[in-house]
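J.: Encoded as structure tokens, here's the structure I'll be asking about.
The values are calculated or read from the model by the stated rules, or taken from the named source; none is laboratory data. Fair warning: this is a prediction, and the values are worked out from it, not measured in the lab. A quick note on method: Cβ atoms are made from the backbone with ideal geometry, for glycine too, and the neighbour counts reach across all protein chains shown. Surface areas here come from the heavy atoms of the whole protein model, side chains and all, with no ligands, DNA or RNA. Shrake-Rupley method; radii C 1.70, N 1.55, O 1.52, S 1.80 Å.
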Amino acid sequence: MNWSQMQPLLEQASWETLIMVGWSTLIAVVLGLPLGVLLVLTDRGGLLQNVLVNKVIGQIVNIGRSMPFIILMVALMSFTRWVTGTTIGSEAAIVPLAIGGIPFFARLVETAVREVDGGLVEAVQSMGGNTWTIVRKVLVPESLPSLIASTTTTVIALIGYSAMAGTVGGGGLGDLAVRYGYQRFDPGFMWITVALLAVAISLIQFAGDYAARTLHRRGRGGGAGPRLRLLKAKEPAAADVSRVA
């Protein structure tokens, strides 16, 4: 197969992969972010401590993460057909990709949020901030560089999942590699798809690392953290002054 024959196939497959990964990442982030934050809030010593809820959510997340993606796809075929009306193609593949990505991202969010300095949370609480204020003004902003890195990791994982989805009719570059590279014994075509995936992953990793580093530098230079620490430091001094008066 020459390049003129490969090009339209590669363009179509790349577009399908972009759609699958893009939509599944969006769903995973939108649903996984609050799930990960909730795991932190409901843990022992958390702002919304509820051990039962934490254990239930944690177990659901663990089950979702432990299931191999190819098995997850098969297990969700009935649900996928109910949602999209079909079990093949890039649209159908979005369903298991998103469901597989949600618990994956939720655990990464949990780890990122746990790294936030507890002193900042205490400072906002001492100023009368409620749970929503703490989440919105402290936990998410302070963990943003780690959240960006977690999103990057999730996107790369979903690209790998999408390639597996192609082996069972999910479309995309994985489907192209199997049909033309493996079944038609064209190793050159297969290596081209591998190279495209490698380039895409490298670019995504570079962009994610750059964004995370930039946000980290800005946070160190004058983000919410230093201001909250200053406010917390002023409170004991203010209390001492009031006692003297």
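J.: Which residue, A123, V168, V74, has the largest displacement toward the positive end of the dipole of segment 69-226 when charges sit on each Cβ (Lys, Arg +1; Asp, Glu -1)?
T.: After comparing all options, I get A123.
J.: Once you order the gyration tensor axes a ≥ b ≥ c over the Cα atoms, which shape class does segment 1-96 get: rounded for a/c under 1.5, otherwise prolate or oblate by comparing a/b with b/c?
T.: Judged from the Cα gyration tensor, segment 1-96 comes out prolate (a/c at least 1.5, a/b above b/c).
J.: While we're looking at this one, here's another question. Pull out a ≥ b ≥ c, the square roots of the eigenvalues of the alpha-carbon gyration tensor of segment 18-72, then state rounded if a/c is under 1.5, prolate if not and a/b is larger than b/c, and oblate in the remaining case.
T.: Here segment 18-72 falls in the oblate category.
J.: Using only the alpha-carbon atoms, how far is helix 3-41 inclined from the longest principal axis of the chain? Give it as 0 to 90 degrees, nearest 10.
T.: Orientation of helix 3-41: about 30 degrees from the principal axis.
J.: Using the heavy atoms of the protein chains alone and a 1.4 angstrom probe, what is the accessible area of the chain per residue in square angstrom?
T.: 56 Å²
J.: Now, a different point. Can you tell me how much longer the chain between N50 and I70 gets when fully stretched, taken as 0.36 nm per residue apart minus their C-alpha distance, in nm with one decimal?
T.: So the extension gain works out to 3.8 nm.
J.: Measure nothing fancy, just the Cα-based angle from helix 224-244's long axis to the longest principal axis of the chain, in degrees from 0 to 90, nearest 10.
T.: Value to nearest ten degrees: 10.
J.: If the chain between H216 and T86 were fully stretched, how many nm would it gain, using 0.36 nm times the residue separation less the Cα-Cα distance?
T.: 42.5 nm
J.: What is the chain by shape, rounded, prolate or oblate, if you read a ≥ b ≥ c off the alpha carbon gyration tensor as root eigenvalues and call it rounded for a/c under 1.5, prolate for a/b larger than b/c, and oblate otherwise?
T.: Prolate, since a/c reaches 1.5 and a/b exceeds b/c.
J.: Relative contact order of segment 138-193, please, whole-number percent, based on alpha carbon pairs below 8 angstrom and at least 6 residues apart.
T.: 18 percent
J.: Could you grab the relative contact order for the chain? Cα pairs under 8 Å, six or more apart, rounded to a whole percent.
T.: Relative contact order for the chain comes out at 24 percent.
J.: Let me ask something additional. What is the calculated FRET efficiency for A198 to I63, with r their C-beta to C-beta distance and R₀ = 41 Å, to the nearest 0.05?
T.: The value I calculate is 0.85.
J.: So, one more: With only Lys, Arg, Asp and Glu charged, each at its Cβ (+1 for the first two, -1 for the last two), find how big the charge dipole of the chain is about the Cα centre; round to the nearest 20 debye.
T.: 700 debye
J.: Quick one: angle between helix 144-166 and the longest Cα principal axis of the chain, in degrees between 0 and 90, rounded to 10, please.
T.: Tilt relative to the chain: about 20 degrees.
J.: Okay, moving on. What whole number of Å gives the distance from the Cα centroid of segment 1-75 to the Cα centroid of segment 179-206?
T.: Value for the Cα centre distance between the two parts: 23 Å.
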